[in-house]
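Working notes, structure below.
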Amino acid sequence: MKIFPILFLFLSFSLRAMEISCESDSEYYAKSDIVFYGQVIDRVAVVEDDDESICWTQSSGPKCGSKIATFKISEILKGAPTDSVKVMAGDGCYCVSPYLEMGESYVVFAKFNKHYDSVFSLNGCATRPMSPVEFSEIKKKI
């Protein structure tokens, strides 16, 4: 009977590890609808339905809960957005998604969002803060 709790604990850690395993930037590029480099110019919290939640939501702390960030685009690598785009990021407390800081520049890999018009869903494993020099290195690899 003691084996069941240990087995459950082991499986839960194994499943969590698979959930956050990351691929290469070129693989994320191929799977994305839009890839760009840009700066966060606005960020608002999103109240989600439990049925459509992209992650666990918490009300404590500024990084908790999903956000929609507006990016001013510096350079587009894939897709055809205008000079700005809205992207939904998962909960910065529990998901892989990064907490999108105002004024910070990111390389963003995202897909169309089926729940929100004119909003993309970012790939939290691939999207990350980046300097212009680092971004130019990423472009060479994709």
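What follows draws every value from the coordinates through simple rules; no lab data is involved. Values in this document were obtained by computation on a predicted structure and should not be read as measured data. Every residue, glycine as well, gets a Cβ built from its backbone with ideal geometry; the counts of neighbours run over all protein chains shown.
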Note to self: Expected output is a single nm value to one decimal: the length gained when fully extending between K72 and S24, i.e. 0.36 nm times separation in residues minus the C-alpha distance. What is it?
What the structure shows: 14.8 nm
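For the peptides 130-136, 84-90, what is the packing order when you average, over each peptide's residues, the other Cβ atoms within 10 Å and list the highest mean first?
Numbers: 130-136: 12.1, 84-90: 21.3.
Going from most to least packed, we get 84-90, 130-136.
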Next item on the list: Calculate, for K114 and K139, the FRET efficiency according to 1/(1 + (r/R0)^6) with r their C-beta to C-beta distance and R0 22 Å; round to the nearest 0.05.
Entry: 0.15
